[in-house]
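K.L.:
Have a look at the structure that comes next, please.
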Amino acid sequence: MNNENEQMKQNGYSGSDDNGKKSTVKVLLKIALVAAIFGIIFYLIYFSVQYSKANFILSNQDITSAEVALVQNYKVNDKIYFFLNRHNENLSSNLLILEIEFYDNKEYRHYKQISYELEKDYPKLSSYIPSEYFRKAGKYRIKVTLDGKIVATTLIDVQ
């Protein structure tokens with residue numbers, strides 16, 4: 001029997017449950033590490049998605065903040081006002097582009113484009129799209145890009 005115990009000790013078995021506890025702790029540490037890595041990856045994805053979003057509001061009346069109640073009945077030759085800001089930060093961009101597309105032959109096609117040069121620390125931008133851009137009744141899609149990245153898309157119907 002002593003030979004068996006000595007042989008088991010030489011093979012790494014101590015006769016107690018210490019190795020079982022150590023292996024369980026190692027497995028739990030590995031699981032915690034993998035969970036932490038997934039948590040960090042999820043946070044980074046969430047942050048990058050939130051960073052690329054913006055509040056883009058359209059109205060047929062002047063807009064001064066994101067909390068204004070809006071009227072959204074657009075008619076041919078209306079000025080369409082817009083308001084743009086990011087969630088809890090400045091626009092952080094040098095170039096804002098509004099790309100206006102008109103729905104024709106079952107798809108949206110490029111129609112007009114407006115560009116604004118910005119300072120990085122602008123917290124918001126509000127202005128209007130000239131009435132000449134909406135001379136035809138129909139469906140329009142307005143895409144907003146900041147430094148080439150689309151941050152908002154809005155569909156409107158002009159009657």
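K.L.:
With the crude spin-label approximation of a point 7 Å out along Cα→Cβ, what separation in nm comes out for LYS136 versus GLN159?
P.N.:
Each label point is offset 7 Å from its Cα along the Cβ direction, giving 2.0 nm.
K.L.:
Do any trypsin sites (Lys or Arg not before Pro) in the range 61-159 lie in a DSSP loop with no more than 14 other beta carbon atoms within 10 Å, and if so, which?
P.N.:
Sparse-neighbourhood loop trypsin sites (Lys or Arg not before Pro): LYS75, LYS106, LYS120, ARG135, LYS136.
K.L.:
Could you give the length gained on full extension between ASN90 and GLU119, defined as 0.36 nm per residue of separation minus the Cα-Cα distance, in nm?
P.N.:
Roughly 9.5 nm would be gained on extension.
K.L.:
In addition: Could you work out how far apart the two model spin labels at ASN77 and ASN19 are, taking each label as a point 7 Å from the Cα in the direction of the beta carbon, and quote it in nm?
P.N.:
9.1 nm
K.L.:
Is there a pair in LYS53/LYS149; LYS79/LYS139; LYS75/LYS149; LYS112/LYS139; LYS79/LYS112 whose C-alpha atoms are over 21 Å apart, and which pairs would that be?
P.N.:
Violating the 21 Å Cα-Cα cut-off are LYS75/LYS149.
K.L.:
Right, next: Pop out the Kirkwood hydrodynamic radius of the range 74-147 from its pairwise C-alpha distances, inverse of mean 1/r, in Å to one decimal.
P.N.:
Hydrodynamic radius (Kirkwood, Cα only) of the range 74-147 equals 13.3 Å.
No lab work stands behind these numbers, since they all come straight from the coordinates. Just so we're clear, the structure is a prediction, and the values are computed from it rather than from any experiment. Cβ sites come from the backbone with ideal geometry, for glycine too, and all protein chains shown count toward neighbours.
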